[in-house]
Amino acid sequence: MENTSLGIIGGSGFYALDRLEDPQERVVETPFGSPSGPVVSGRVNGKPVHFIPRHGPGHTIPPSALNHRANICALKICGVSHILSVTAVGSLMEDRLPGDVVLPDQYFDRTKQNHTFFDADIAAHVPFGHPTCDTWRGFIHGLAVAEANPFGRSVFNGGTYVNMEGPAFSTRAESLFYRSLGGAVIGMTSLPEAKLAREAEICYAAMAMVTDFDCWHGEEGHVTADAVVQQAQKNVKLATAIIVAILARLDEIPSCTSACGEALIGAIMTRNEALSDDVKKRLNPIIGHRI
């Protein structure tokens with residue numbers, strides 16, 4: 001696909017991307033504040049790639065304090081067309097094992113925050129029935145399966161990601177309830193990114209790396225931060241292998257058939273003449289090409 005520019009959001013245990021040609025740190029300021037850290041930009045096979053660590057250098061930012069708007073806006077300012085988000089999750093299903101990879105196609109929102117660029121003086125409602133890009137996710141799946149086989153791991157294309165608030169892990173009652181709803185994995189970070197990426201008209205897919213069984217599994221101990229970190233460090237090798245495979249084939253990313261890049265067409269309800277100069281300036285990186 002022409003004009004492909006990849007953004008990678010690194011999650012727990014995945015704090016850097018060392019495969020870039022001529023990497024440069026870029027401090028990107030956005031109308032929504034500062035992102036989690038400098039954006040590391042470079043090129044792979046002539047294609048621009050931009051990396052941002054979700055929790056900041058040294059993992060200093062807890063899930064509920066993340067400035068998701070600034071992170072996604074910073075990638076938009078960098079010209080990103082596709083986002084791959086690496087995220088650690090607990091499994092809610094017997095056959096999604098620690099070390100496996102799930103590429104969610106649905107979300108169940110249990111957060112307590114409002115994740116949108118359109119929070120004041122403008123009304124916009126983007127389609128979100130299919131919250132991740134089918135085309136982009138399918139491309140990732142094809143490459144991920146091949147990379148996961150030598151590791152003895154499975155890759156699942158689809159599944160519902162339950163996004164809890166955190167920072168504490170679930171109670172067992174909550175974990176069992178989410179299982180009863182058909183949730184596949186549970187985490188604390190991906191849903192806000194998916195919503196904001198859609199508003200920013202960026203193709204988004206999450207690579208959910210399973211670290212544990214949350215606390216529903218009767219034969220497994222309750223999830224702890226230490227256990228998550230230990231498994232996340234193991235998962236980094238597979239995540240890196242998948243990302244390297246994607247970087248090697250950036251030229252082959254197919255054109256989006258999910259209309260991610262057209263999400264704002266017809267979504268902005270506020271008349272252009274009713275938009276203040278302040279709103280236009282604040283939202284220029286997101287809607288400047290649409291007004």
Q: For Ala206, work out the one condition from (1) part of a loop (DSSP other than H, G, I, E, B); (2) buried (at least 18 other Cβ atoms within 10 Å of the Cβ); (3) not charged (D, E, K, R) it doesn't fulfil.
A: (1)
Q) Which condition number in (1) surrounded by fewer than 21 Cβ atoms within 10 Å (Cβ to Cβ); (2) at pLDDT 95 or above is the one that Gln113 fails? A) (2)
Q: Give me the pairs, please: first residue somewhere in region 2-20 and in contact (Cβ under 8 Å) with a residue 24 or more places away in the chain and polar (S, T, N, Q), second residue anywhere and surrounded by 17 or more Cβ atoms within 10 Å (Cβ to Cβ) and part of a loop (DSSP other than H, G, I, E, B), beta-carbon distance under 6 Å, and either six or more positions apart or on two chains.
A: Thr4/Ser81; Thr4/Ile253; Ser5/Val80; Ser5/Ser81
Q.
It is to be established whether one or more residues within region 3-17 are at positive phi and in a loop (DSSP other than H, G, I, E, B).
A. yes
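Taking the condition within 19 Å of Ser154 (Cβ to Cβ), touching a residue at least 24 places away in the same chain (Cβ under 8 Å) and in contact with a Leu (Cβ under 6 Å, 6 or more places away or on another chain), does Ala208 pass? Write out each step before concluding.
Working: within 19 Å of Ser154 (Cβ to Cβ): yes; touching a residue at least 24 places away in the same chain (Cβ under 8 Å): yes; in contact with a Leu (Cβ under 6 Å, 6 or more places away or on another chain): no.
No: the conditions fail for Ala208.
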Q: Tell me, please, whether a residue that is modelled with pLDDT under 95, among the small types (Gly, Ala, Ser), farther than 15 Å from Leu84 by Cα and in contact with a strand residue (DSSP E or B) (Cβ under 7 Å, 6 or more places away or on another chain) can be found in region 167-187.
A: yes
Q: Could you tell me which of the residues Gly79, Gly99, Gly42, Gly58 is surrounded by fewer than 24 Cβ atoms within 10 Å (Cβ to Cβ) and closer than 30 Å to Asp277 by Cα?
A: Gly79
Q. So Thr60 clears everything in (1) in contact (Cβ under 8 Å) with a residue 12 or more places away in the chain; (2) β-branched (Val, Ile, Thr); (3) over 25 Å from Pro254 (Cα atoms) except one condition, right? Which one?
A. (1)
Q: Scan region 60-109 residue by residue and report those that are within 26 Å of Glu201 (Cβ to Cβ) and assigned to a loop (DSSP other than H, G, I, E, B).
A: Ile61, Leu66, Asn67, Cys78, Gly79, Val80, Ser81, Pro104, Asp105
Q) Does region 231-245 include one or more residues that are in contact with a strand residue (DSSP E or B) (Cβ under 7 Å, 6 or more places away or on another chain), on the phi < 0 side of the Ramachandran plot, surrounded by 20 or more Cβ atoms within 10 Å (Cβ to Cβ) and in a strand (DSSP E or B)? A) no
Q.
Being farther than 30 Å from Ala225 by Cβ and either without any contact (Cβ under 8 Å) to a residue 40 or more places away in the chain or of a type in the set (S, T, N, Q) (or both) is the requirement here; does Asn67 meet it?
A. no
Q: Enumerate the pairs (first residue in region 28-51 and under 19 Å from Ile286 (Cα atoms); second residue anywhere and in a loop (DSSP other than H, G, I, E, B) and among the hydroxyl-bearing types (Ser, Thr, Tyr)) with beta-carbon separation below 8 Å, excluding pairs fewer than 6 apart on the same chain, so at least 6 apart or on different chains.
A: His50/Ser5
Q: List every residue pair whose Cβ atoms sit under 7 Å apart, with the two residues 6 or more apart in sequence or on different chains, where the first one lies in region 119-140 and is loosely packed, with under 15 Cβ neighbours inside 10 Å and the second, anywhere, is in a helix (DSSP H, G or I).
A: Asp121/Val279; Phe128/Lys195; Phe128/Arg198
Q. If you check every pair at least six apart or on different chains, which have Cβ atoms under 7 Å apart with a residue in region 175-189 that is touching a residue at least 60 places away in the same chain (Cβ under 8 Å) and more than 16 Å from Pro98 (Cβ to Cβ) first and a residue that is aromatic (Phe, Trp, Tyr) and in a strand (DSSP E or B) second?
A. Leu181/Phe108; Gly183/Phe108
Q.
I'm checking my understanding of the structure. Among residues of region 148-181 that are assigned to a helix (DSSP H, G or I) and under 19 Å from Val236 (Cα atoms), which one is nearest to the chain's Cα centre (by Cα)?
A. Ala148
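Give the residue that is surrounded by the fewest Cβ atoms within 10 Å (Cβ to Cβ), with candidates limited to residues of region 251-291 that are assigned to a helix (DSSP H, G or I) and small (Gly, Ala, Ser). Give the steps one after another, and end with the answer.
We begin by selecting, within region 251-291, every residue assigned to a helix (DSSP H, G or I); these are 251-252, 260-262, 272-274, 277-282, 284-287.
Filter again for small (Gly, Ala, Ser), leaving 261, 274.
On the way: Gly261: 15, Ala274: 11.
Looking at residues that are assigned to a helix (DSSP H, G or I) and small (Gly, Ala, Ser), I get Ala274.
Does Tyr178 fit the bill of being more than 16 Å from Ser91 (Cα to Cα) and surrounded by 14 or more Cβ atoms within 10 Å (Cβ to Cβ)? Even if it seems obvious, please write down each step before you answer.
Working: more than 16 Å from Ser91 (Cα to Cα): no; surrounded by 14 or more Cβ atoms within 10 Å (Cβ to Cβ): yes.
So Tyr178 does not fit the description; no.
The values are calculated or read from the model by the stated rules, or taken from the named source; none is laboratory data. Note that this is a predicted model, so its numbers are computed, not measured. Please note: Cβ atoms are built from the backbone with ideal geometry, for glycine as well, and neighbour counts cover all protein chains shown.
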